[in-house]
Structures are given as C-alpha cells and as structure tokens.
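First up is the structure itself, then whatever we jot down about it.
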Amino acid sequence: MSASTNATLAAEALDWNLLWREAMARKDEAADTRTRSEYWDRRAPSFASRCHETPYTRTFLDVLGAEPHWSVLDVGCGAGTLAIPLGSRVQSITAMDFSEAMLEQLVLRRDELGLSNIRTLHGGWDDDWDALGVGAHDVVIASRSLMVGDLETALRKLDRASRLGVYLTAPAGYGPSDRRALEAVGRPSRKGPDYIYVYNLLYQMGIFANITLIRSEEGRPFAGPDEALGFYRTLIDGLSPEEDQRLQAYLQRELRLRDGKWYLRHQDAIQWALIWWRKNG
C-alpha cells in the first residue's frame, strides 16, 4: 500500500467532529463567551453600524446567485449583514439569531427600508428547530456563525432545513480575532478550528462541497479613537481595569488617521472560506 493511500485512509478515519471540539476548547480563553447571547447583545450596536457592502458580502451574494422565488433561512443573521441586502432579491427570509439585541437592530433596518418579507426568529444552534418552527427553506445560509460545540449536528440541521442548497462560511486560517490586541492586554491567543474541519466532516457525511475563498478588506475603519476603544471593549470580554489600561495604550500606539478614518497600523486581512453545496443534482 502506498504512502498516499495510507494518508488518505488515515484522514478518512479521523473523527473531525471530535477534532473540532478539541480545537474549540484550545482557542483563546474568551472563546466560550462567544457562544453566549449576552456577548453578542453587547456587540449589536457596533455590528449594525458596520452593516454595509464589503468585499465579503459582495462575494457571498455573487456566489449565492439568489433567485426571486427563493425562501431563505439565515442562521446567525446578526444585525442583517446578508438578510437586509437579500430582502430585495428573494421572496422571503427567516432571519434567526440567539441574540435578541441583534434581531432588534435588524428589525430597525428592515422597517426603515420597508422590507416586509423578512421575519425574525429568536433561536440558536442548540435549540430544537422543529419546536421553534424553523421549517424548510429553499436555501439556508450561515455566515460567520459556526461558533458551535457539535459541528456535525449543526451541519445536519442546515442540510435538513434546505431544499436546494446550503452556503456557510468558516475562517480560513486564524480567523477574525485580533491577535495583537489580545497579546497587548495579556490574554492568550490561540488559533481555533478553521474551514478544513468543516470540509472534511462534510466529506465524511457524504456531502461533496464547493469552496470559494473570500479575502476581507484589510483594516477596519473607525470614526475616531473612542469608537475603536468601544469596539475592542466589547470584542475582548470581561476586561479588568489593568487590561483596559493596556488596551488604551495599545490603541494609542497603533491608531493612525487616514483619509478621514482611523485605522490600526498593523492589522491582518481576514480570509473566509465560503463552503456550499446544492441538493438534488
């Protein structure tokens, strides 16, 4: 038996769901807070202020190729990063999130734009979707929302809820955490599981998915230093007074004014893997 055959057999024998769990447990110490609705409730206003067209949203929507007759389920919809632009492209959207504050921000934007085809649903990955009344939709999307312990159960829920296909994103590489900020305040920073766990688990489930890599724009703009400080205070949960002082010193060193906006001097671009599969051929 060749070395390549042995390697293939070894990869197929791996328990990718268990490996995902273990990698999630090794991630930075604040990672567990990101599975709690309170963490995202605090971040809802900043998310809503940044819901605009980006290279990420453009690429996601281009690959999705939404049809006017579709019904769409958006799992972990946040403040409507995709649900809002999709509202004018599809027949109906069910926007689901376990953060009530995120849903409130989405409703505000939905009503401002007069989009009557978006309904919100308060629920998350660990809930009973049948009891929630999620139902079946033509297409299911899960954008940057796979903060789950049981990956296989989550993927099966997405697949069962869709009639035509599923589109989800997972980090390609380190992910969206700001390593430099975490290190500056004295927090450990460890890489969590990325898209390859998802892709390999789907393969073991008999789903042969497609991948499109999305490179987010480099540098997050802020209106001013105060906005940057507020953003990082919600990003890094439970800051002590000493950590907050270190954070302020870090931002004072790193923030630079450019074209009327404030940017961190050193900020890595984030890559996401858009993983998608169509059903029934």
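Bear in mind these aren't lab numbers, they're just calculated from the coordinates by the rules spelled out. Every value quoted in this text rests on a predicted model; they were computed, and no experiment measured them. Here the Cβ positions follow ideal geometry from the backbone for every residue, glycine too, while neighbour counts run over all protein chains shown.
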For region 258-265, in residue order, the Karplus 3J(HN,Hα) values (coefficients 6.51, -1.76, 1.60; θ = phi - 60°; whole Hz; Gly and Pro = x) are 8, 6, x, 10, 9, 10, 6, 4
So, over other residues within a Cβ distance under 10 Å of Gly165, counting Lys, Arg +1 and Asp, Glu -1, the net charge is +1
Any lysines whose Cα falls less than 30 Å from that of Lys261, other than same-chain ones fewer than 8 residues away, would be Lys191
As straight-line cross-link partners of Lys279, the qualifying lysines (C-alpha separation under 18 Å, not fewer than 8 residues apart within one chain) are Lys157
With x for Gly and Pro, the residue-by-residue ³J(HN,Hα) of region 77-93, computed from phi through the Karplus equation 6.51 cos²θ - 1.76 cosθ + 1.60 at θ = phi - 60° and given in whole Hz, is 6, x, 8, x, 3, 10, 4, 5, x, 6, x, 8, 10, 10, 6, 7, 9
Given backbone amide H placed at 1.01 Å from N, residues whose amide H is under 5 Å from that of Tyr167, ignoring those fewer than 5 places away on the same chain, are Val140, Ile141, Ala142
In region 190-279, taking the dipole from +1 charges on Lys and Arg beta carbons and -1 charges on Asp and Glu beta carbons about the Cα centre, the listed residue (Met205, Gly224, Ala273) farthest towards the positive end is Met205
Inter-part gap, Cα centre of region 192-225 to Cα centre of region 78-92, in whole angstrom, is 20
Highest mean packing first, using Cβ neighbours within 10 angstrom, the peptides 80-87, 254-261, 140-147 sort as 80-87, 140-147, 254-261
Assertion target for Asp111, Asp127, Asp138, ordered by fewest C-beta neighbours within 10 angstrom first, is Asp111, Asp127, Asp138
